[in-house]
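What follows is a set of notes on a single structure, which appears directly below.
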Amino acid sequence: MKKIMFCLLAVVLMVGLIACAAPAPAPPPTPPPAPAPAPKPETITLSAIGFQFPEFPPVSYLYTLAEEVEKRSRGELIIDVKGGSEVIPIMEQHEALRGGVVDVVWHFYSLWKGMALETQYETISTVEPIEYREQGIHDFWSRIYKEKCGVLYLGSGYGGPRLGTWIMTKPKVEKLADLKGLRIRTFGPQEQAVAALGGTPVTMPVSEAYGALERGVVDGIAWQLDSGAESRLHFSEVTNYVLMPQIAHSDSVVLMNIDSFNRLPEYLQDVLTESMQYLQYYIYYRHYLVLQDEIRLLKDGGVEFIELSPTEAKQMQDTTRDTLHKLMEEQLDSATAQEMFALGY
């Protein structure tokens, strides 16, 4: 028994000695240093202006575009809306954009008619701007603005057949014959349309129209009701009637300096394109409500809306369209005119 106990004790001591003699386990390897955080991309800022003060209803969508671009780019791309014609006079904005003084402008199409006559006929398109890419109209205007004006076409802003240019008058007009001889403030190709309907077109900036109506220099105005006809311009104070239907529709275009666009990384170019497409859908739904608000305000101000008979309404729109189509055939080369007709103009 003593031998057995002695043997067990010897085994225990031997195991202990072996354990003590075994080398200690190697310490775990030192972890590699954490990678340095990626540098935050530098913010790129684009300057933008509109043809009117930024609070002017159509131009105010520049702010919507700026917000969408900043959100989609996570702050990497900013559009800084500088103002409107009070910053750069409207007729100097073309060269300011082409020369890179500003990066983005919000304009009427026809403000570029001095370089591209095609632009003044945008107001008779039968297609909504949200369908321009699908119908090939976006590609058409991209080509025209690049080749003839030297700027990049981002897309159509507000506009389309649901919106329009109406004739507002001081004297009552119940039929087309009542337009004969009335002096109507107009702009661009509306001049020929008003003349074809029997009126006398008078060209002047809309900023002068209120005073001209007040003093009796003109008897009426052709204007887009959705462009602040009452909320900003207070035309109920100097007109009494709106003749329905409209003779054309509203239009606006967002343009960019080509070099400014090309300097952007491709993913930020995509952000601009996607933001513009979003804006077109936003405006399609939002701006129709703006039009309804302006109509309500005009009616509250005492303006009467007079609807022509169905026969005369059709005559009015047919006369307007036929007049402008004839002008297109006279002013544009045959291939371009036919291309525009095929696109719904």
Query raised in the report: If amide H atoms are built 1.01 Å from N in the plane of the peptide, which residues on other chains or at least 5 residues away come under 5 Å of the amide H of Gly83?
Result: Gly50
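For the chain, build the convex hull from the C-alpha positions and give me its volume per residue in Å³. Could you put the intermediate results ahead of the total?
Values: hull volume 82.7 nm³, N = 345.
Per-residue hull volume (Cα only) is 240 Å³.
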Query raised in the report: Under a 5 Å amide H to amide H cut-off, with H placed in plane at 1.01 Å, what residues pair with Ile78 once short-range neighbours are removed?
Result: Ile44, Thr45, Leu46
Query raised in the report: Separation between the Glu307 and Arg74 pseudo-spin-labels, each 7 Å from Cα along Cα→Cβ, expressed in nm?
Result: 5.3 nm
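With runs of 4+ DSSP H residues as the only contributors, calculate the mean residue ellipticity of the chain at 222 nm using -39,500 (n - 2.57) per run, divided by the residue total and rounded to the nearest 500.
Computed mean residue ellipticity for the chain: -12000 deg cm²/dmol.
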Query raised in the report: Which whole-Hz couplings ³J(HN,Hα) result when phi for each residue of the stretch 318-326 is put into the Karplus expression 6.51 cos²θ - 1.76 cosθ + 1.60, θ = phi - 60°, listed in order with x for Gly and Pro?
Result: 5, 4, 4, 5, 4, 5, 6, 5, 5
Requested in this report: Pop out the Kirkwood hydrodynamic radius of the stretch 136-275 from its pairwise C-alpha distances, inverse of mean 1/r, in Å to one decimal.
Outcome: 17.1 Å
Query raised in the report: Which far-off residues, 5 or more places away or on another chain, put their amide H under 5 Å from the one on Ser252, with H placed in the peptide plane?
Result: Tyr109, Gly157, Tyr158
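Where does each of Phe235, Phe341 land when they are ordered by accessible area, with a 1.4 Å probe and the largest first? It would help to have the intermediate numbers written out before the result.
Working: Phe235 0, Phe341 50 Å².
Ranked list, largest accessible area first: Phe341, Phe235.
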Query raised in the report: Mind listing the phi-derived Karplus ³J(HN,Hα) values for the stretch 182-199, rounded to whole Hz, using 6.51, -1.76 and 1.60 with θ = phi - 60°, and x for any glycine or proline?
Result: 6, 8, 10, 5, 9, 8, x, x, 4, 4, 5, 5, 4, 4, 5, 8, x, x
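For Lys175 and Met204 in the same chain, what is the full-extension length gain: residue separation times 0.36 nm, less their Cα-Cα distance, in nm? Numbers along the way, then the final one.
Numbers: separation 29, 0.36 × 29 = 10.44 nm, distance 2.54 nm.
Stretched fully, the Lys175-Met204 segment lengthens by 7.9 nm.
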Requested in this report: Excluding Glu174 itself, calculate the net charge of residues whose Cβ lies under 11 Å from the Cβ of Glu174, where each Lys or Arg counts +1 and each Asp or Glu counts -1.
Outcome: -2
Report task. Give me the aspartates and glutamates in straight-line cross-link reach of Lys326: C-alpha distance below 17 Å, same-chain residues under 8 apart excluded. Result -> Glu118, Glu122, Glu191, Asp318, Glu339
Requested in this report: Just grab the label-to-label distance for Tyr288 and Gln192, each label 7 Å out from Cα along the Cβ direction, in nm (one decimal).
Outcome: 3.1 nm
Report task. Kindly write out, for the stretch 109-120 in residue order, the coupling ³J(HN,Hα) from the Karplus curve 6.51 cos²θ - 1.76 cosθ + 1.60 (θ = phi - 60°), rounded to whole Hz, with x marking Gly and Pro. Result -> 4, 5, 5, 9, 5, x, 9, 9, 4, 4, 5, 6
Report task. Would you work out the relative contact order for the stretch 62-148, in percent, from Cα pairs under 8 angstrom that are 6 or more residues apart? Result -> 14 percent
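How much length would be gained if the chain were fully extended between Tyr281 and Val87, taking 0.36 nm per residue of separation minus their Cα-Cα distance, in nm to one decimal?
Residue separation times 0.36 nm, minus the Cα-Cα distance, leaves 66.9 nm.
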Query raised in the report: Does anything in the stretch 305-345 have its amide N under 14 Å from the 7 Å Cα→Cβ label point of Gln135, and if so which residues?
Result: 339-345
Query raised in the report: With the other protein chains left in place, how much accessible area per residue, in square angstrom, belongs to the chain at a 1.4 angstrom probe?
Result: 50 Å²
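In what sequence, largest accessible area first, do Tyr267, Tyr210 appear using a 1.4 Å probe? Intermediate results must be reported in sequence, preceding the final value.
On the way: Tyr267 115, Tyr210 65 Å².
So the residues, ranked largest to smallest area, are Tyr267, Tyr210.
Starting from the Cα gyration tensor of the stretch 207-342, take the square roots of the eigenvalues, sort them a ≥ b ≥ c, and report rounded, prolate or oblate (rounded when a/c is under 1.5, otherwise prolate if a/b is larger than b/c, else oblate). Present the calculation step by step, with values, prior to reporting the outcome.
Numbers: a/c = 2.11, a/b = 1.39, b/c = 1.51.
Cα axes put the stretch 207-342 in the oblate bin.
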Query - Solvent-accessible surface (1.4 angstrom probe) belonging to Lys82, in square angstrom, nearest 10 - result: 110 Å²
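Given a 1.4 angstrom probe, I'd like the percentage of the accessible area of the chain that is carbon and sulfur, rounded to a whole number.
Details: 9700 of 17140 Å².
Using a 1.4 Å probe with all protein chains present, the chain comes out at 57 percent carbon and sulfur.
The values are calculated or read from the model by the stated rules, or taken from the named source; none is laboratory data. Since the model is a prediction, treat every value here as computed from it, not as a measurement. When we count neighbours, we look across all protein chains shown, and the Cβ atoms used for this are built from the backbone with ideal geometry, even at glycine. These accessible areas exclude ligands, DNA and RNA; they are computed on the full protein's heavy atoms, side chains included. Shrake-Rupley method; radii C 1.70, N 1.55, O 1.52, S 1.80 Å.
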